[in-house]
């Protein structure tokens, strides 16, 4: 999901923000209010954000730590994306009761299923703490800056948790030029209410992902539960539905071209102040390296998932996450090249340096950027292959989780006091408990062999860990055979692939057994090579880049004093506003602003992985049984597009009309604008929204969950 056509993003962003560009801080949205009204907004400023009374912010929550959801009833019912609930749905599924493939709708609250590990985070308030943070940090740079920021952030947060009842976060905005304290209330009893079958929730699969036209029913529904006082409490049979301060009414009246559209949510990360050197590195080194690793990972996983439904259910959530950003990085690279963003950034940086000279500033800032990127580039590929290649198999991550225990043994000559030993064993046990769920022997072995080979072939030879001499035994490293042989040896000489053996080790750990474990020896060779020779270079680069970026954005703000500015996304609540809007594709094809069930059925291919649909939907379509969810033209609209500015993390965000009514749930961006996290492309940027009428139709007609329909406040 992503964003200025043939203009460098950072300086343009500061020089003249358009209505459809910008992820705005809710507390400061009053600065944009006149423009929002001009586009059609019919709410007051206090309707949008108010800390003393209920406002739209109270209906929006961060779901599961990385998505957005919205309250749609006074009984804790929430709507989010199918792909946001995917992991929870897959976890609740079994081969015999496959909720993921078959769909699920609770016909009463008693039938709702606890979604273990899913959280609902509600923003209570936010306040500017810039002065306090800046005073504590002073003129610190690099690692000293990080330590001082962490210390003052912790101090501020600890004062604002109300004895642990609240979650407090101090977040950096404008690359460290402004700081806000955000106070949340976290609920952990979240239960699955319903989901369409995967064939609809993921309709189009990887083929249609990041594409328009789109027909995906990307939604799922959960309910938040609380104690009798409406306060957070872990899952308990006595818990009752949460009573939100605000929930969204639903408009089933449909949308038209030019209608006001507003989205609130938790966009994850953008980097629109990135300099030309960073874009060049992404286009030519890091993005292609990520894609190469994920190409292979996905091919291996899919082979094994296709053979065994149990393996499919075990790995499908991980597969979907990897595939989503595999295609994202392909698209981002393509669009950054198409828009010539590197050269557009350079042109903007020349103007910036000219402003510096005219205003008595040191114009060497951009040269400093050039130096740190030149120093880092030789190691950039290594950093990618370390995280995307070496850490791809579950076994290597299990082994890596034992390094703190190994280091403790090393520091104490192989002997540890009981308390110290227990501490590090518990760290390993916690990690193992999470990672073992991703371990599937056949898949993992193939990943281990193939990723070890890919690392060898693509990372510069002088950066390889020493273990390759044992793996290759004098061969040239191109043949697969030595990697397969070595893999077999490792997996048959480790206690990590057997939970009983792992638990036995934890009960009676020994330094000798750890040192001699084949999987740990392999992992330690990679980890020690990286930590001794390259981790410091990466950290130095990141620290210097942060220092330079902080000064760069500070000067850009001076250069554009008096103009409305917005910071990069940082997983905090934002508002974006625009209109429902069609567009013309790059090759001249005109795209309408909506899709229909007719278009979905035109793609329908029985038994196809991406384009099959349930037989019940086929019948509903043939009978044109759309009920009151049909558009005035008689068709059933499935999705529509707006020019709102969103990114990853906005998945599940409500798309609202001028009255603040829910008209759909945002779930994706379009291929032509996938440069958006770095460069906003005004001409092509669109947000893809699942039309709320399609959602209601599937709940009612396909799912038969009239109880859910009745619970919502729907305006027809």
Based on a Kirkwood Rh over C-alpha pairs, give the Stokes-Einstein translational diffusion coefficient of the stretch 373-412 at 4 °C and viscosity 1.567 mPa s in µm²/s.
108
Rg over Rh, two decimals, the stretch 440-482 (C-alpha only, Kirkwood Rh)
0.98
Just subtract the alpha-carbon distance of residue 554 and residue 249 from 0.36 nm times their residue separation and send over the number in nm, one decimal.
105.7 nm
Go from 0 up to the bin containing the longest alpha carbon distance in the chain, width 20 Å each, and give me the % of pairs per bin.
16, 48, 33, 3
What per residue convex hull volume, in Å³, comes out for the stretch 651-716 when only alpha-carbon positions are used?
114
Please say if the stretch 352-498 is rounded, prolate or oblate, where rounded means a/c under 1.5 for a ≥ b ≥ c the square roots of the C-alpha gyration tensor eigenvalues, and otherwise the choice is prolate for a/b larger than b/c and oblate otherwise?
oblate
Between residue 478 and residue 713, how high is the FRET efficiency from 1/(1 + (r/R0)^6) when r is the Cβ-Cβ distance and R₀ = 60 Å? Nearest 0.05.
0.40
When averaged across all projection directions, what area in nm² does the alpha-carbon convex hull of the stretch 393-459 cover?
5.6
If we sort 409-416, 58-65, 533-540 on the protection proxy, mean other Cβ atoms within 10 Å, highest first, what's the order?
58-65, 533-540, 409-416
Based on the Kirkwood radius over alpha-carbon pairs, what value in µm²/s does the Stokes-Einstein equation return for the translational diffusion coefficient of the stretch 209-251 at 37 °C and 0.692 mPa s?
243
What's the ranking of 177-184, 442-449, 578-585, 474-481 by average number of surrounding C-beta atoms within 10 Å, highest first?
442-449, 177-184, 578-585, 474-481
Could you grab the relative contact order for the stretch 122-187? Cα pairs under 8 Å, six or more apart, rounded to a whole percent.
45
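What number does the stretch 284-414 give for Rg over Rh if you use C-alpha atoms and the Kirkwood radius?
Reported Rg/Rh, Kirkwood definition of Rh: 1.16.
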If you average the sequence gap of Cα pairs under 8 Å that are 6 or more apart and divide by the length of the stretch 105-227, what percent do you get for the contact order?
31
Classify the stretch 157-269: rounded, prolate or oblate, from the alpha-carbon gyration tensor (a ≥ b ≥ c, eigenvalue square roots; a/c under 1.5 rounded; otherwise prolate if a/b is larger than b/c)?
oblate
The distance between the Cα centres of the stretch 668-709 and the stretch 551-588, in whole Å, is 21
For the stretch 276-537, what is the largest minus smallest coordinate of the Cα atoms on each principal axis, given in angstrom and ordered from greatest to least?
70, 47, 38
Taking every Cα atom in the stretch 89-227, find the radius of gyration and the maximum pairwise distance Dmax, and write them in Å.
21.5, 61
Taking the Kirkwood radius as the inverse of the mean 1/r across Cα pairs, report the Rg/Rh of the stretch 611-674.
1.04
Modelled label-to-label distance, residue 608 and residue 563, 7 Å Cα→beta-carbon offset: nm?
4.6
Using Cα centres only, tell me the gap between the stretch 317-345 and the stretch 65-122 in whole Å.
29
Label-point separation, residue 488 to residue 437 (7 Å along Cα→Cβ), nm:
3.4
In Å and whole numbers, how far do the C-alpha atoms of the stretch 18-177 stretch along each principal axis, longest first?
61, 44, 32
Over the residues of the stretch 462-584, compute the C-alpha Rg and express it relative to 2.2 N^0.38 Å.
1.85
Do me a favour and compute the ellipsoid semi-axes for the stretch 151-211 from its Cα gyration tensor, root of five times each eigenvalue, largest one first, whole Å.
38, 21, 6
For the ranges 165-176, 366-377, what's the packing order if you count other beta-carbon atoms within 10 Å of each residue, average per peptide, and put the highest first?
165-176, 366-377
Quick one, can you get me the convex hull of the C-alpha atoms of the stretch 32-126 expressed as volume per residue in Å³?
152
The equivalent-ellipsoid semi-axes of the stretch 229-292, taken as the square roots of five times the Cα gyration tensor eigenvalues and listed largest first in whole Å, are 41, 25, 12
Along each principal axis, Cα extent of the stretch 182-234, largest first, Å
46, 28, 13
Shape call, the stretch 517-620: gyration tensor on alpha carbons, a/c limit 1.5:
oblate
Please compute the volume of the convex hull spanned by the alpha-carbon atoms of the stretch 122-187 and report it per residue in Å³.
85
FRET efficiency for residue 343 and residue 229, using Cβ-Cβ distance with R0 set to 60 Å, rounded to 0.05
0.50
Treating every alpha carbon of the stretch 339-408 as one equal point scatterer without solvent, the Debye formula yields log10 I(q)/I(0) values at q = 0.15, 0.16, 0.29 Å⁻¹ of -0.72, -0.75, -1.14
Taking 51 Å as R0, compute the FRET efficiency from the Cβ-Cβ separation of residue 162 and residue 295 and round it to 0.05.
0.60
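Computed from the coordinates by the stated procedures, all read-outs in this text should not be read as laboratory data. Since we're looking at a predicted model, the values are computed, not measured. Quick reminder, even Gly has a Cβ in these numbers, built from the backbone with ideal geometry, and neighbours come from all protein chains shown.
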